[in-house]
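Below is one structure, written out as structure tokens; comments come after it.
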Amino acid sequence: MTSSKADTTRRPWRRTRRWSVIVAAALVAAACGSGDDSDESVSSDGAAETIDGDNAEPSSEATTAGNGSDDPARGGSISVGLEAETDSWLPGEGQYSFSGQSVAMAIYDPLLKRDVNGEIRPYLAAGIEVNDDLTEWTLTLRPDVTFHDGTPLNADAVVRMFEDYLSTETSNLGGDGQMGQVDHVEIVDELTVTYVLSEPNAAFSDVLSGPAGYAFSPDAADAAGPDAGAQPVGTGPFVFESWQRDSQLTVVRNEDYWQPGLPYLDSITFRPIPDVESRLQSLIAGDVQVLSSLTADTAARVAELDGVTDHVHIGNSTGGVILNTLNPPFDDVRVRKALAHAVDVDAIIEVSGAAGIVEPATQTYGPSDPYYSTEAAELYPTYDPEQAEEHLAEYVNDPDRSDGKAVGEPVSFRYDCVTDPINREVSQLFQAYWSAVGIDVELREVEQATHIEEARSKDYEAKCYRMGSDDDPYRDLARTFYDSDDPYAYTGFTSDELKSLLDQIRVEPEFEARRELVLETSKIMAEEVPQLVTYNTVSTVTAQDGVSGITDWVFPDGTAGNGAPNTIVMWAFVHTAT
Amino acid sequence: MLRLIGRRLPVVVATLLCVSFLTFMLTSLLPGDPARSILGEQASDEAVAAVREDLHLDDPLPSRYVRWLGDAVQGDLGRSFRTNEPVLDTIAERAPVTLEIGLLATAIALLVAVPLAAISAWRVDSKLDRTIMTATFGMQALPSFVVALGLIVIVAVRLDWLPATGWVRLTDDLGGNLKTAILPALAMAAGECAVFTRIQRADLITTLEQDSITMARSKGISSTRILFRHALRPSMFSLLTVVGVQIGAILSGAVVVETLFALPGVGRLLVDSISQRDLMVVQGLALLVAASFVIVNFLVDIAYGLLDPRVRENGGRRRRGSAYG
């Protein structure tokens, strides 16, 4: 209990500052894959910080930023290098990747947002309440908030957003996990609406903290028609100015922002730079002052830079292997455990270029996340070839072994992964570890679409896959581990205990109680091993010295926010040096 | 000249038809359900079915091809799945970027290559010639991404003369536009320049060995005059062919360069559209690129006629080697 308490106060990112001297030639060399020395230096430093956590410092910073006692400078303009472009900025039409969600935080305000402890609270909204049977979520709005075009943000606007955009047939937020679960939205009064759900859901508020909760002006969207996605109008700290697709998007300060004193910057230019190397060089050359990176190997690279601050976040999804538990041999937990025990995940991390940035995962939740279970971490089968051999021997010598083979015959299966140089190396490493304990593994490379299709139809034995999600745990767990027939339940694994836990989570609105239940599900995952986890996703926001406030945002009531997970930055709070 | 065009045109049309069919097949033969590829793994089966219907994916192949070709001829390449914009508009918005750096690169390459080749050919096997040949050999061997990264690291990061990435539109600011265009153009020009130099040098050497040149020399005409007035023009055929191919192939170079320099051009659009399974844009781009390739080569054929009157008279059959021989 003490340890999990500590978890909740730990912030989901860490800050590092390095002053190593590098030469440009070394960067080019590192790009070619030779970065052993550099990886090592990050390792000692980074690992220690991840484990220790960092309780006091960031939250005190958050308070100073909130109070304004530190007087961050007003004015200034920055350019931000992003990993990817976004297709459309209209919620419901745009496929918001993490890069897109970050830009959205300049133009829009989310109705709700996660705080430092992972709990969802009102941000743009004034309050959110749910009725006892968890079917009616009542949202209160702040008075006197207007969109950039002057349209007031009121109950009518929320209903129009829902009816005309978010819940339409073409809306990508119209699915059951998103706005599809809302039967209708009722106007209670000028500033109050009720989302009436078709089924109870204790985690509905999570939906409103994502793109479905980005408030956009329905008037502006109506007027722009098919061009609405290219002319976003929100309530956010910055007003959209111009966008040249795949080149740059510029926003300027919203002089009438509803949060007094914010934002600090005059303007921000967001620039998608797809190539990792160019993105790094753009930061070094000063073309961009802030850089977001979504991969562990890039995190290792930016950690080497001089005169910058890295804000690293370990996310709630991991790479790994999904096992089809509906068919032999993976219907037997002994084989699944053997597979996990056989692999040295540190070597996988090394091959992926992520050494020193991440630790081997034991569950999908990151070590500093409130949902991280220390018990599951102990239960998960880690590298131990002897134990792997023991489990295997038990299965192989079992006359009733599920794959129907003769006693003593080795376990064999096919492992599929998507064609990609790093994937290939990782697959070969898996194969080597599994062969070492006596398993016959055939490797197969597949095209992405086929890979997904086979996973959905459970037409596979073992596949490389990305698992977990940064959404509310219930949304991911319910579709993956509740109903074996669900196409999204790739492993086909479920159990009565798991189902009963998920049933409870679905109707449990209390954060702490939900958390306890989620921790229980993680224990089952660690014991039943329907999937092997390698390492958690890593995201980094790197800011040149002189640019601060990347993770220091607070709610209007002063509660500390959750930093900049997955490079989603609250731009209103970012400022240049005093 | 008209006869030449008359002979070539049917071949061009037939080639374009083949190209359009292959382009169409290309996307139909990809593994997996295109509709699922477009929508992603979380889409419902109903949504996938709706997209299949929208794209007429359940119709027989020939009728789909005819429908698509009919629309394409009228300038309708469909709408992008990513942005919902018409494919043609999406391409038109980016084409100027790619054309600008592509043409700038070819111009730089020619400006450097032609004089270098002339010097080399005039002093065959001299130290200077060997130096130039070694240098161009090296340049040809360097992949464009290495050149691009080298330029970024040296010119943008160390010297801080030009921005490492980004694009300023020509219509917004001419100076700013050139600043953002020059490094990508240089990165593309390096390889082209090497190829141009080597080809032009080889042709010049052949020409310079011919009787007409010996005659000119014996008349006491100056070296520069012989080189640029008498030898250059008859030595342009191979270069012209390669320049034509290079202009047609601007896009393939642009894929790498635009990604590295973060330019909003057609090459980048192709990469993004492939990775995001934007089938309609990939199809439209492949068609346009193939068509421009065919058309540029058609223009090159016509240019032969302008360079050498005998090509016109033969109706397009050029006899290489016999020229001035």
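The values are calculated or read from the model by the stated rules, or taken from the named source; none is laboratory data. Just so it is clear, the structure is predicted and the values come from calculations on it, not from any experiment. No Cβ is skipped: glycine too gets one built from the backbone with ideal geometry, and neighbour counts run over all protein chains shown.
Tabulated values for the structure
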{"read-out": "All positions within segment A:430-485 that are modelled with pLDDT of 90 or more, of a type in the set (S, T, Y) and in contact with a strand residue (DSSP E or B) (Cβ under 7 Å, 6 or more places away or on another chain)", "value": "A:S435, A:Y460, A:Y465"}
{"read-out": "Residue that is crowded, with 16+ Cβ neighbours inside 10 Å, over 24 Å from B:A141 (Cβ atoms), among the hydrophobic types (A, V, I, L, M, F, W, C) and in contact with a Lys or Arg (Cβ under 6 Å, 6 or more places away or on another chain), where the choices are B:L208, B:L162, B:L227", "value": "B:L162"}
{"read-out": "Options B:G175, B:G166: the member that is under 30 Å from A:S242 (Cα atoms) and away from every other protein chain (no Cβ under 14 Å)", "value": "B:G175"}
{"read-out": "Positions within segment A:433-465 being part of a helix (DSSP H, G or I) and free of Cβ contacts under 8 Å to residues at least 24 places away in the same chain, in sequence order", "value": "A:S435, A:A449, A:T450, A:I452, A:E453"}
{"read-out": "Count - residues of segment A:484-498 that are away from every other protein chain (no Cβ under 14 Å), touching a helix residue (DSSP H, G or I) at 6+ places or on another chain (Cβ under 9 Å) and farther than 13 Å from A:N324 by Cβ", "value": "4"}
{"read-out": "Selected residue (only one of B:T197, B:T259, B:T214, B:T207 is free of Cβ contacts under 8 Å to residues at least 12 places away in the same chain and not small (G, A, S))", "value": "B:T214"}
{"read-out": "Residue check for B:G267: part of a helix (DSSP H, G or I), away from every other protein chain (no Cβ under 14 Å), crowded, with 22+ Cβ neighbours inside 10 Å and among the small types (G, A, S)", "value": "no"}
{"read-out": "Odd one out for A:E527 among (1) in contact with a Leu (Cβ under 7 Å, 6 or more places away or on another chain); (2) within 14 Å of another protein chain (Cβ to nearest Cβ); (3) of a type outside the set (S, T, Y); (4) within 18 Å of A:S373 (Cβ to Cβ)", "value": "(2)"}
{"read-out": "Segments classed as helices (runs of 4 or more DSSP H), wholly inside segment A:244-363, with at least 3 members that are surrounded by 24 or more Cβ atoms within 10 Å (Cβ to Cβ)", "value": "A:276-285, A:296-302, A:333-342"}
{"read-out": "Close pairs (7 angstrom Cβ cut-off, 6 or more residues apart or separate chains): within 8 Å of chain A (Cβ to nearest Cβ) in segment B:73-94, surrounded by fewer than 17 Cβ atoms within 10 Å (Cβ to Cβ) anywhere", "value": "B:N84/A:P226"}
{"read-out": "Number of the exception - A:S539 against (1) assigned to a loop (DSSP other than H, G, I, E, B); (2) in contact (Cβ under 8 Å) with a residue 40 or more places away in the chain; (3) of a type in the set (G, A, S)", "value": "(1)"}
{"read-out": "Test: A:G81 is in contact (Cβ under 8 Å) with a residue 60 or more places away in the chain and either within 14 Å of chain B (Cβ to nearest Cβ) or crowded, with 24+ Cβ neighbours inside 10 Å (or both)", "value": "yes"}
{"read-out": "Boolean, A:A104 is in a loop (DSSP other than H, G, I, E, B), among the aliphatic types (A, V, I, L, M) and under 30 Å from A:T295 (Cα atoms)", "value": "no"}
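Residue by residue, here is whether (1) within 20 Å of the chain's Cα centre (by Cα); (2) part of a helix (DSSP H, G or I) holds:
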{"position": "A:E425", "(1), (2)": "no, yes"}
{"position": "A:F430", "(1), (2)": "no, yes"}
{"position": "A:A478", "(1), (2)": "yes, yes"}
{"position": "A:T494", "(1), (2)": "no, no"}
{"position": "A:E520", "(1), (2)": "no, yes"}
{"position": "A:E527", "(1), (2)": "no, yes"}
